[in-house]
Structure formats: C-alpha cells, structure tokens
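Worksheet for the structure shown next.
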Amino acid sequence: MFATSSASGHVPVRVLGGPTAVLEYGGLCLLTDPTFDAPGEYPSPGRPVLVKTAPSDLGPADVLPVDVVLLSHDEHPDNLDVAGRALLTDVPLTLTTPAGAQRLGGAARGLTDWETVELGRPDGGQVTVTGVPAVHGPGPRDLIEAGLGQVVGFVLTGDGLPTVYVSGDNASLDLVTAVADRFGPVDTAVLHVGAPRLPVVLDGAAIVLTSVQAVEAARILGARRVVPAHYDGWAHFSEGREDVIAAFTAAGLSDLLDLAGH
C-alpha cells in the first residue's frame, strides 16, 4: 500500500507528519493520532490558537483500510483534526482515553492504566494492546489532566512479535520508567517529541518530550530502535528533526534513530 521503514527486521513504521504514523503489526494496520487536514489555524475558546504549517505526507484514502487507531487523546487538533475525526468512522476500533471514548462514542474504547485489549490477527493469533500511563506536561498528573486532559500511551505485544511502545503526548520520564519496568527492553519506541510550548500553558514549559528527554527515554526503555514523531507540521513545536538527530548524535545513540520515511 505504501512504503514503510522496517530496518533490521523491525516492525514497519511510516511517520506521515505531526503525531500521525502507520504501523504494520501482526498482520494488522494501526494508525496513530490521525491528522490529515490542510495547513491552517485552529481557534479554541480560552486556549491559544494552534497553527498547522504543513500537510500530512498521505491522505486518509492512502492509508485505509486501517484496523485500529491508537489515539493518545481527542481534545487537541494537533492529535485529532477534522479529517482525522472523519476517518474514525471508517475504522472498526479506536483505542483512546476513557474520557475520550465517552466523547467520541461509536467504535471508540477507553483504556485505563495497564488495561489490555486483545486483537485477532489474520493468522489466527492475537495482538495485545496495553494502555500505559502518560501525562501531557510536567508536574502532578492530576493537575495536568485538569488543565490539558487525559493522555494514554500504548504497548503492543504478541507471540513471536517484538514489543512496541507508542508514547502518545507524554512528558514524564517517570512514567516511561514505569512502562520499562513492565515491558522493557522494547524493540521499537515511537516517541512523541517536538517539545511543544505555549506561552500561556504551564509558563511555556515543554508539554511533550524534548529531544534530550527522548534520548533518556530510549535508554530507560532499552530501545533497539527509536522512531520520533510529533516534531513537525505545527507552529508550537519548539524542536524539530535536526534537534532530534543532534540529541541522539551527541549521546552516541544515532544508530537507534529511524526517521521512518519522514
């Protein structure tokens, strides 16, 4: 259907821009945080205007059919935009936060921390998706969730399959450690980075991992491969592709990086 990166026998992944990536896992097609709108502004009452600066590499018709959407959260347009919402109606299952599932309805299912769902594989086996904790900014999780909403990450496992971690919009290395304690080492870590900052939100602190934090996350997870996402296409991302490369190079870990076709 489209070219994906599967270097060294890893799970095929293609990053399409922003947080959106396609993974082929156990014969299933999984899509993360669908954002397919054209560039433009997203005003929201009481919140800063978010500005999309670049389109996705592919459109919804290019990625369908999709078996499952892994949606870190539904409340921000840089993780689920108008076209992404429309795509959900063509997908049999969307896994997201408990609150997000209530808002979305339909085929959306919420996962609490460490809750699992079993997906049938075309070969008759199963893929297990585990919802893992994430927090959208630095500080106590309950306070961040009160202001910026719930976020969930995901771990994919299955018999004979490598372990894959999809961070979602997580900013906490402590929560990465909790994931590593249960699932590490992981084969592939799809890490949302970009250090997004908004002056009126948490005093401009990064509300998702910085590039330097992504390096530390890779170490904590014992990751064999890191696929960065969520670092381009939006004006509030303060770090981009070159910052990610520079951080991993400075740490002597550039061999872990897979830019996954983006």
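Here, each number is a calculation from the coordinates, and none is a lab measurement. None of these values were measured; they are calculated from a predicted model. Here the Cβ positions follow ideal geometry from the backbone for every residue, glycine too, while neighbour counts run over all protein chains shown.
Quick notes
- Modelled FRET efficiency - R0 25 Å, Ala38 with Ala246, Cβ distances, 0.05 increments: 0.25
- Placing +1 on the Cβ of every Lys and Arg and -1 on the Cβ of every Asp and Glu, with nothing else charged, gives the chain a dipole about its Cα centre of roughly 60 debye.
- The shape of segment 118-157 comes out prolate: with a ≥ b ≥ c from the C-alpha gyration tensor, a/c is at least 1.5 and a/b beats b/c.
- Label-point separation in nm, Asp90 to Ala61, each point 7 Å along Cα→Cβ: 0.9 nm
- Spin-label model, Arg182 to Arg47: label points 7 Å out along the Cα-to-beta-carbon direction sit 2.6 nm apart.
- Cα-based shape type of segment 141-215, given that a ≥ b ≥ c are square roots of the gyration tensor eigenvalues and the cut on a/c is 1.5: prolate
- Packing rank of 88-98, 122-132, where each peptide gets the mean count of other beta carbons within 10 Å, highest leading: 88-98, 122-132
- Cβ-Cβ FRET estimate between Leu259 and Arg219, R0 fixed at 22 Å, reported to 0.05: 0.70
- Protection-proxy order for peptides 152-164, 238-250, each taking the mean of Cβ atoms within 10 Å per residue, highest first: 152-164, 238-250
- Protection proxy ranking for 61-69, 165-173, 75-83, using the average of other Cβ atoms within 10 Å per residue and placing the highest first: 165-173, 75-83, 61-69.
- Computed over all pairs of different Cα atoms, the Kirkwood value for the hydrodynamic radius of segment 73-128 is 12.4 Å.
- Distance (nanometres) between label positions extended 7 Å along Cα→Cβ at Glu145 and Asp203: 2.4 nm
- Per residue, the convex hull spanned by the alpha carbons of segment 10-256 comes to 114 Å³.
- Gain on full stretching of the segment that runs from Val82 to Glu115 - 0.36 nm per residue minus C-alpha separation: 9.1 nm
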